Amino acid sequence: VHGDYWKMAAKISNFLISAPILKKKMLDMGNKLKIIDCSYSPDAIPGFMSSALMNAHFIDLKSLHQPKAAPFSIPTSEHFITKMKEYGLSKSDHVVLYAQKIPFGAYRAWFLLNAFGHPNTYVMNGSLYEWLEHKYPISIDNNPGKKSPQPNGDFSYKFIGQDYLCDIDEVINSIKKKDALLVDAREYEAFKAKSIPPRKYSHIPGAISLFSGSLFEENGRMREKKDLLELFLKKNIDLAKKIIVYCNRGVVASSAFAAFAYVGARVKIYNGSWGEYQQSPQADAFEKLIQNLESCPISY
């Protein structure tokens, strides 16, 4: 296993922060702590406007991704750095990400910040639910377009997340060689849906269905490690193998990436995910090969 992978993995596997610890950080760190609502849903902006953590900012995930590129694809270093500076992020900042409900968006932002090398990046476990359960103060009448009190930060990292991403060729070759497990993080209804031509399947052949939502409790907390391990065992996911996760565009898969990293697995995200695969010429050739086999290696 590549040494740089595990060096980086050790850093990112300790990413959860509780509401009480965050509250203490808010008192101790002042402006060196950036709290960001990364909610990703149709009601995200109204939700932020009516209820947010004190001094929190709102980030629109769409703004972090490259214009004119595939939706939610990994941005160029230049684009991402520009956006982080606009949000006022500096190298020395501690960043805590959260969401109003299930934190898919928070984990996508967490993945991107780690992929660009920013240290001290955390996700508040339990999101806004957790904060409200402790009856901590919130801010109302918030402006989602509010600028940072420290605009034009010195964020200047370069992309270092190559070991955490794979392309369609690696996905297909890994399935053929059986040296990795492919995990579909979309809802099961999408996994088993009727296929849309030219695809013969509604998911990548060989994939195991594991919806990212099942990795969290109802209050948005990530499930305990022992519970995650039991779930992976139930799904016949061998953590000794490399894990490749995908969804439609990469947002939901980032939560699955985090859960596998949390239990110490070697995990990657298929950059492009189903959105790319379903239109790819490589997928055409791969599915023809699958159809010619006596049995199709699909796990449900």
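The values are calculated or read from the model by the stated rules, or taken from the named source; none is laboratory data. Note that the structure is predicted; figures quoted are calculated from it, not measured. Positions of Cβ are generated from backbone atoms using ideal geometry, with glycine treated the same way; all protein chains shown enter the neighbour counts. These area figures cover heavy atoms from the full protein model, side chains too; ligands, DNA and RNA do not enter into them. Shrake-Rupley method; radii C 1.70, N 1.55, O 1.52, S 1.80 Å.
Once phi is turned into θ = phi - 60°, what whole-Hz ³J(HN,Hα) does the Karplus curve with 6.51, -1.76 and 1.60 give for every residue of the range 199-215, x standing for Gly and Pro?
6, 8, 10, 9, 7, 6, x, x, 7, 9, 7, 8, 5, 4, x, 6, 8
Over the heavy atoms of C247, what accessible area does a 1.4 Å probe trace out, to the nearest 10 Å²?
10
In what order, largest first, do M54, M84, M26 sit by accessible area if the probe radius is 1.4 Å?
M54, M26, M84
Put a dot 7 Å past each Cα toward the Cβ at D169 and D60; how far apart are the dots in nm?
Between D60 and D169, the simple spin-label model gives 3.6 nm.
Give the share of C-alpha pairs in each 20 angstrom bin for the chain, from 0 to the last occupied bin, in whole percents, shortest bins first.
34, 56, 10, 0
Mind listing the long-range amide H neighbours of I208? Cut-off is under 5 Å, sequence gap 5 or more, other chains count too, H placed in the peptide plane at 1.01 Å from N.
Here the answer is L182, V183, D184, since their amide H atoms fall under 5 Å of that of I208.
Within the range 175-198, what residues put their amide N at less than 15 Å from the label point 7 Å along the Cα-to-Cβ vector of Q291?
Taking a point 7 Å out along Cα→Cβ of Q291, the residues of the range 175-198 whose backbone N falls under 15 Å are 195-198.
Give me the Kirkwood hydrodynamic radius of the range 76-133 in Å, from all C-alpha pairs, to one decimal place?
The answer is 12.1 Å.
Cα centroid distance between the range 112-132 and the range 235-297, in Å?
Centre-to-centre (Cα) distance: 24 Å.
Along the range 116-124, what does the Karplus equation 6.51 cos²θ - 1.76 cosθ + 1.60 (θ = phi - 60°) give for ³J(HN,Hα), rounded to whole Hz, x for Gly and Pro?
Couplings: 9, x, 7, x, 6, 10, 10, 10, 6 Hz.
Let me check against my output: what whole-number percent is the relative contact order of the range 116-236, with C-alpha pairs under 8 Å and at least 6 apart?
Answer for the range 116-236 is 27 percent.
Run the accessible area of the range 84-231 with a 1.4 Å probe and give the carbon-and-sulfur part as a rounded percent.
That share works out to 51 percent.
Rounded to the nearest whole Å², what accessible area per residue is found for the chain with the 1.4 Å probe?
That works out to 47 Å² for each residue.
Taking a virtual spin label 7 Å from the Cα of Y136 along the C-beta vector, which residues in the range 209-224 bring their backbone nitrogen under 20 Å of it?
Zone members listed by number: 217-224.
Amide H to amide H, which residues 5 or more places from K242 or on other chains are under 5 Å from it, using H placed in the peptide plane?
L181
Could you work out the relative contact order of the chain, using alpha carbon pairs under 8 angstrom and six or more residues apart, expressed as a whole percent?
Normalised by residue count, the contact order of the chain is 20 percent.
Using 7 Å Cα-to-Cβ label points, what is the K225/M26 separation (nm, one decimal)?
Here the modelled spin labels are 2.9 nm apart.
Output wanted: per-residue J couplings in Hz (rounded whole) for the range 267-276, from phi through Karplus 6.51 cos²θ - 1.76 cosθ + 1.60, θ = phi - 60°, x for Gly and Pro.
9, 9, 9, 6, 6, x, 6, 4, x, 7
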